Amino acid sequence: MRPSGAQEMDDHTPRVLFVCLGNICRSPTAHGVFRAKARAAGLEVITDCAGTGNWHIGSAPDRRAQRSAAARGYDLSDLRARQFIPADYERFDLILAMDRTNLRDLEAQRPQGNNIPVRLFRSRIKTDATDIPDPYFNDNFDEVLAMIELCADALVKDLHRKGQP
Ligand code: 4NP
């Protein structure tokens, strides 16, 4: 069954949006890793990423995020930051937030009547932790990338099994 608000979308191609704060570290990494893993698995998906904040609109992913991703074979260089807009609720089947603050900020922008799932990306894997921690100030880009790879693997597996988010 399609979530309401998504009726205009192709019935067979899942559309997944990744959201963090700045859209230069975690969500572009999730976008780049997920699209590569989906492609490798032969899974057709439409995916994008956005930030709840507006500081980095138009910027390429942080150089440290690009470097960590490239070392594991993911190219993020085509991605450019944009800010999340409420209309994104009508354009995706599933929105995945990197942390609880993102989740709260997203829910605050949910249009009335829209009920698509907005979930924590890290809830895809078995862990007591809820958040993909922000690497921007901690510089733990490799650790964050490894977490994102596990979550993206789980998402690809779920989509394969269920067909839809
Ligand atoms: P992101 O990381 O949310 O994973 O893209 C951040 C990037 C920039 C800032 C904060 C978080 N910032 O404050 O500029």
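The values are calculated or read from the model by the stated rules, or taken from the named source; none is laboratory data. Keep in mind the model is a prediction, meaning the values are calculated, not measured. Every residue, glycine among them, receives a Cβ derived from its backbone with ideal geometry; neighbour counts consider all protein chains shown. Areas reflect the complete protein model, heavy atoms only, side chains present, ligands, DNA and RNA absent. Shrake-Rupley method; radii C 1.70, N 1.55, O 1.52, S 1.80 Å.
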* To do: Determine, yes or no, whether A97 is under 14 Å from the mean Cα position of the chain (by Cα) and either β-branched (V, I, T) or under 20 Å from V33 (Cα atoms) (or both).
  => yes
* To do: Scan segment 130-165 for residues that are of a type in the set (A, V, I, L, M) and within 16 Å of the ligand (Cβ to nearest atom) and jot them down.
  => I132, V144, L145, A146, M147, I148, A152
* **Boolean, I132 is in a strand (DSSP E or B) and surrounded by 16 or more Cβ atoms within 10 Å (Cβ to Cβ)** => no
* Asked: For segment 90-111, how many residues meet the condition of being closer than 21 Å to A152 by Cα and open to solvent by less than 50 Å² (accessible area, probe 1.4 Å)?
  -> 11
* Could you grab me the full set of residues in segment 24-55 that are open to solvent by 30 Å² or more (accessible area, probe 1.4 Å), touching a residue at least 60 places away in the same chain (Cβ under 8 Å) and not hydrophobic (A, V, I, L, M, F, W, C)? => K37
